[in-house]
Amino acid sequence: MKKICLLAAAVSVFALNAQAADWSMGDHSFRPYVGADYVYSHTKQGGIASAAKRDYNSWMVNMGTDIGKYTSVEAFFQQAPQRKAHNAGDEIKSEFYAYGLDLYGRMPIMCSDFNALASIGLANYNTKYKFNGTSQDKQRIGYRAGVGMSYNLTENVSFRVMGRYSYVGMKNLDNLMEVTAGLRYTF
């Protein structure tokens with residue numbers, strides 16, 4: 001919860017200062033944005049997590065900035081709620097959260113408001129499993145890559161859909177296949 005409050009405060013300060021600053025630098029403009037996404041994750045798990053639920057519905061908040069005409073950098077925080085599964089009468093609870101940094105490239109599609117997107121990034125994944133009265137909490141840096149599309153609804157608001165593969169490499173959480181959909185507000 002502390003991380004969410006810290007991220008919200010940072011976004012607020014960032015947003016307030018965005019209107020007051022001149023973000024242009026030569027031919028390129030820094031255009032900060034904030035966003036929120038729904039995330040569907042399908043996980044490949046092993047070890048004690050092999051009997052846990054594999055599908056998660058979570059949310060993600062992010063903030064970033066354009067750093068060139070076709071490039072942006074984005075920080076994010078993702079939280080998946082606790083899922084419960086039963087295996088041979090035992091209850092297994094699982095959850096994860098992640099935060100990290102992605103680099104995005106975009107290419108306008110013809111002369112429309114659609115953009116093709118690609119991303120690469122790093123994220124710190126923290127997994128928690130509870131079973132038979134014991135718990136296990138592990139974290140590891142993972143690699144992410146994605147492709148998607150965005151559509152500019154207005155000059156400041158856009159809709160984005162991404163498909164993403166994340167390799168974590170832990171015994172309990174090997175990888176994730178994710179689909180995200182959400183809105184961005186650009187200042």
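The values are calculated or read from the model by the stated rules, or taken from the named source; none is laboratory data. Treat the numbers as computed from the prediction; the structure is a model and nothing was measured. Cβ: placed from backbone, ideal geometry, glycine included. Neighbour counts: every protein chain shown. SASA here: full protein model, heavy atoms, side chains in, ligands and nucleic acids out. Shrake-Rupley method; radii C 1.70, N 1.55, O 1.52, S 1.80 Å.
Assorted remarks:
- Nearest 10 degrees, 0 to 90: helix 2-20 Cα axis against the chain principal axis: 0 degrees
- Per residue solvent-accessible surface (Å²) - the range 66-178, probe of 1.4 Å: 53 Å²
- Each part reduced to its alpha carbon centroid, the range 124-164 and the range 169-187 end up 2 Å apart.
- When a 1.4 Å probe is rolled over the protein heavy atoms, the share of accessible surface on the range 36-187 that falls to carbon and sulfur comes to 60 percent.
- Listed peptides 170-179, 87-96 by packing density, highest first (mean Cβ within 10 Å): 170-179, 87-96
- Charge dipole (Cα centre; +1 on Lys/Arg Cβ, -1 on Asp/Glu Cβ; no other charges) of the chain amounts to roughly 680 debye.
- Summing charges over neighbours of Gly146, with a neighbour being any other residue whose Cβ is under 9 Å away from its Cβ, gives 0 when K and R count +1 and D and E count -1.
- Averaging 1/r over every pair of different alpha carbons in the chain and inverting the result gives a Kirkwood radius of 17.7 Å.
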